[in-house]
Amino acid sequence: MEVDSNNQCVPLTEEDEIDLHRRHPQFPPVSKSHSKTNNGSSNSSNTLTSAIHTSSVHELLECPVCANFMYPPIHQCQNGHTLCSICKTMVHNRCPTCRQELGDIRCLALEKLAESLELPCKYNYLGCLEIFPYYSKLKHESLCNFRPYNCPYAGSECSIVGDIPFLVAHLRNDHKVDMHSGSTFNHRYVKSNPREVENATWMLTVFHCFGQYFCLHVEAFQLEMAPVYMAFLRFMGDETEARNYSYSLEVGGYDRKLIWEGTPRSIRDSHRKVRDSFDGLIIQRNMALFFSGGDRKELKLRVTGRIWKEQHNPEGMPNLSAT
Ligand SMILES: [Zn+2]
Ligand SMILES: [Zn+2]
Ligand SMILES: [Zn+2]
Ligand SMILES: [Zn+2]
């Protein structure tokens with residue numbers, strides 16, 4: 001039995017992109033005097049002056065076109081109007097302010113001025129209290145532990161981001177994902193017509209146990225021309241926390257059985273990345289049909305599994321990421 005060669009899961013967009021073009025609007029920059037420990041009330045007027053000063057510098061650093069913070073190279077036209085480097089590529093060499101030819105002039109003064117600024121992490125509203133020099137802020141934000149998670153749903157492009165409770169509600173309400181309580185499971189995946197792959201190449205179930213949420217992915221994909229089935233668990237939280245848990249998966253029938261045991265990957269790792277590193281239970285097509293029994297026309301896989309909490313964190317995990 002053949003499966004169409006387009007039997008491939010739709011890849012998710014990469015999660016690691018740093019979105020230079022977005023910032024959280026509700027937090028004004030913090031001056032250096034704010035970020036230091038409290039020096040007493042005597043310099044409160046200094047702090048105020050400094051805050052006012054910083055806010056006008058902050059305005060200078062806002063791109064007049066997209067209103068995002070500008071990072072080097074900051075450009076300017078011959079009349080001195082500034083522009084961020086992303087917008088510059090989109091204005092066809094015309095200054096959007098005065099319509100003069102833009103040329104290739106850097107605004108070094110503004111780039112230098114930015115170095116003196118300190119700003120709160122843009123995930124301040126999610127609990128990050130850190131404050132950074134202007135140029136290291138972006139780097140921190142790309143790794144910040146408070147940064148929102150991407151929607152873990154695979155199979156369609158979904159741009160929803162948020163914290164875990166928000167994403168759990170989103171999976172339930174918008175993707176109609178099955179939710180289960182408990183740390184053991186016993187599911188049967190049935191596909192009556194293995195040729196019909198469009199809507200049946202992936203499945204997501206969310207498990208709630210130990211006060212945490214886990215995503216169980218079961219899906220079919222092409223591996224070097226051969227269709228294979230794969231099941232793996234992802235932890236809805238950070239990688240360090242994911243290491244506190246282990247899981248096992250078992251699939252079998254007719255006196256054969258495959259067992260997988262591992263640590264769930266964090267949903268910080270995209271679904272695609274985990275799949276491409278084969279970090280889960282892999283079932284070859286022939287075995288899958290064998291486990292299904294019958295006339296090999298229907299796929300019936302019984303997947304059982306268990307999630308448990310580890311007593312200690314394993315150190316020095318090798319890197320399974322396919323980069
Ligand atoms: Zn811009
Ligand atoms: Zn201009
Ligand atoms: Zn942060
Ligand atoms: Zn989604």
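The values are calculated or read from the model by the stated rules, or taken from the named source; none is laboratory data. What you are looking at is a predicted structure, and each value in this text was computed from that prediction instead of being measured. A quick note on method: Cβ atoms are made from the backbone with ideal geometry, for glycine too, and the neighbour counts reach across all protein chains shown.
Observations, loosely collected:
- Selection count where residues are part of a loop (DSSP other than H, G, I, E, B) and within 14 Å of ligand 2 (Cβ to nearest atom), scope the stretch 85-103: 11
- Residues of the stretch 138-158 satisfying the condition of being outside any helix (DSSP H, G or I) and either over 19 Å from His217 (Cβ atoms) or away from ligand 4 (no atom under 14 Å from the Cβ) (or both): Cys144, Asn145, Phe146, Arg147, Pro148
- Test set (1) of a type outside the set (Val, Ile, Thr); (2) exposed (fewer than 15 other Cβ atoms within 10 Å of the Cβ); (3) within 22 Å of Ala154 (Cα to Cα) - Glu298 fails condition number: (3)
- Residue pairs whose Cβ atoms lie under 6 Å apart, sitting 6 or more positions apart in sequence or on different chains, and linking a residue in the stretch 117-135 that is outside the structural domain of Gly162 (by TED's automatic domain parsing) to a partner that is within 16 Å of ligand 1 (Cβ to nearest atom) and assigned to a loop (DSSP other than H, G, I, E, B), are Lys122/Arg23.
- Leu110 fulfils the conditions (1) farther than 18 Å from Ser142 by Cβ; (2) assigned to a loop (DSSP other than H, G, I, E, B); (3) touching a Leu at 6+ places or on another chain (Cβ under 9 Å) except for a single criterion, (2).
- Considering (1) over 17 Å from the mean Cα position of the chain (by Cα); (2) without any contact (Cβ under 8 Å) to a residue 60 or more places away in the chain; (3) within 24 Å of Phe166 (Cα to Cα), the lone condition that Gly293 does not fulfil carries the number (3).
- Every condition in (1) away from ligand 2 (no atom under 16 Å from the Cβ); (2) farther than 27 Å from Glu241 by Cβ; (3) of a type in the set (A, V, I, L, M) holds for Val168 except the one numbered (2).
- Pairs are defined by a Cβ separation below 8 Å, a sequence spacing of at least 6 or placement on different chains, a first member in the stretch 94-111 that is in the same structural domain as Thr82 (by TED's automatic domain parsing) and in contact (Cβ under 8 Å) with a residue 40 or more places away in the chain, and a second member that is among the β-branched types (Val, Ile, Thr) and more than 7 Å from ligand 2 (Cβ to nearest atom); the pairs so defined are Leu110/Ile74; Leu110/Thr82.
- Looking only at residues of the stretch 148-192 that are of a type in the set (Lys, Arg) and surrounded by fewer than 18 Cβ atoms within 10 Å (Cβ to Cβ), we find that the one that is nearest to Arg268 (Cα to Cα) is Arg172.
- The residue pairs whose first member lies in the stretch 253-280 and is within 10 Å of Phe232 (Cα to Cα), whose second member is modelled with pLDDT under 90, and whose beta carbons are closer than 6 Å, counting only pairs six or more residues apart or on different chains, are His271/Leu12; His271/Ala154; Asp279/Leu320.
- Residue match in the stretch 120-129 (condition: farther than 30 Å from Phe210 by Cβ, surrounded by 17 or more Cβ atoms within 10 Å (Cβ to Cβ) and not small (Gly, Ala, Ser)): yes
- Looking only at the stretch 258-285, residues that are under 29 Å from Pro165 (Cβ atoms) and part of a loop (DSSP other than H, G, I, E, B) come to 9 in all.
- Cys87 vs. criteria in contact with a His (Cβ under 7 Å, 6 or more places away or on another chain), away from ligand 3 (no atom under 16 Å from the Cβ) and modelled with pLDDT of 90 or more: no
- Exactly one residue out of His58, His75, His81, His53 is surrounded by 15 or more Cβ atoms within 10 Å (Cβ to Cβ) and at pLDDT below 85, and it is His58.
- Residue in the stretch 244-264 that is among the basic types (Lys, Arg) and crowded, with 16+ Cβ neighbours inside 10 Å present: no
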